[in-house]
Structures are given as structure tokens and as C-alpha cells.
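As C-alpha cells, the structure follows; a few thoughts come after it.
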């Protein structure tokens, strides 16, 4: 089962704020990790407690990709892209609490 991945306008803007090499790293990870089994819990992928951002988190190094899955339509919606510095999550240059 192959899922379609879509970045929301917000996530696209956040992704563009990173350097080109970082953007490529995030996009490659999304393709590798989320096209086939986006609902499988792995070492780098987990379901989050209810929050305003997204239902799932994918960790790629210091980057965090937040996404929701529409199983019926087989669509993965990337809602936000951020990064961790220590225990702080930064999204669009602002600290964010989950």
C-alpha cells in the first residue's frame, strides 16, 4: 500500500527556512519513512498525545516532522517541520510545546 505525501503550506514554508541540504535530508526521510507504513510505530516514529499540531511525529536527527494520516484516502499530510535544540522544539523560529 503506497501513501501519497502532501506538505501543507505551513510545513512547506517551514521546510524552506532550512538550508538546501537539510531540506533534502527531510524530504528524503519523509519519502523513505512515510510512503509505505506511516502508521507503524518505530524507533523514529511515534503517535503523539492529543495536541494542536499533528497526530504523529517522525524524528530525523534533530529534525521533527509532524504529520496526520488519512487511511481511507491513503494520504499523509505533513503539518509542520521543526527541529530540537536540547529539550526545546523550534518551529518557524519559535519555541513550541507539545
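Quick note: the coordinates plus some simple rules give every number you see, no bench work behind them. Since the structure is predicted, the reported quantities are computational estimates derived from the model, not experimental observations. A quick note on method: Cβ atoms are made from the backbone with ideal geometry, for glycine too, and the neighbour counts reach across all protein chains shown.
How many angstrom lie between the Cα centre of the range 51-77 and the Cα centre of the range 30-48? The range 51-77 and the range 30-48 have Cα centres spaced 8 Å from each other. In whole angstrom, the chain maps to an equivalent ellipsoid with semi-axes of 20, 15, 13, each derived as √(5λ) from the alpha carbon gyration tensor and ordered largest first.
Highest-first packing order for the peptide set 5-18, 31-44 is 5-18, 31-44, based on the mean count of other beta carbon atoms within 10 Å. Based on DSSP H segments of at least four residues, each scored -39500 (n - 2.57), the chain has a per-residue ellipticity at 222 nm of -7000 deg cm²/dmol.
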